[in-house]
Amino acid sequence: MALGRRDAEIAAQIGGTEAQVAVQRLRLLRKLKIQSQAQIVDAAEKLARWPSSPIAAPPPP
């Protein structure tokens with residue numbers, strides 16, 4: 001999410017459906033009281049260990 005990926009892209013990468021990703025995204029954003037893409041990025045930087053995570057952005061070509 002913090003990388004700006006769409007639900008369909010996330011679902012394809014981690015498995016599951018676009019609808020499942022959308023529901024989990026909504027639950028996470030509500031729990032963290034996040035309302036904007038900027039807040040998503042901010043929370044990811046504070047809470048996650050990325051870009052070393054396996055779902056980090058792919059290296060540039």
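Can you send over the solvent-accessible area of Ile14, 1.4 Å probe, protein chains only, in Å² to the nearest 10?
Approximately 100 Å² for this residue.
Largest first, how would Asp42, Asp7 line up by accessible area (1.4 Å probe)?
These residues rank, largest area first, as Asp42, Asp7.
The values are calculated or read from the model by the stated rules, or taken from the named source; none is laboratory data. Just so we're clear, the structure is a prediction, and the values are computed from it rather than from any experiment. Surface accessibility is based on the protein's heavy atoms, side chains included, excluding ligands, DNA and RNA. Shrake-Rupley method; radii C 1.70, N 1.55, O 1.52, S 1.80 Å.
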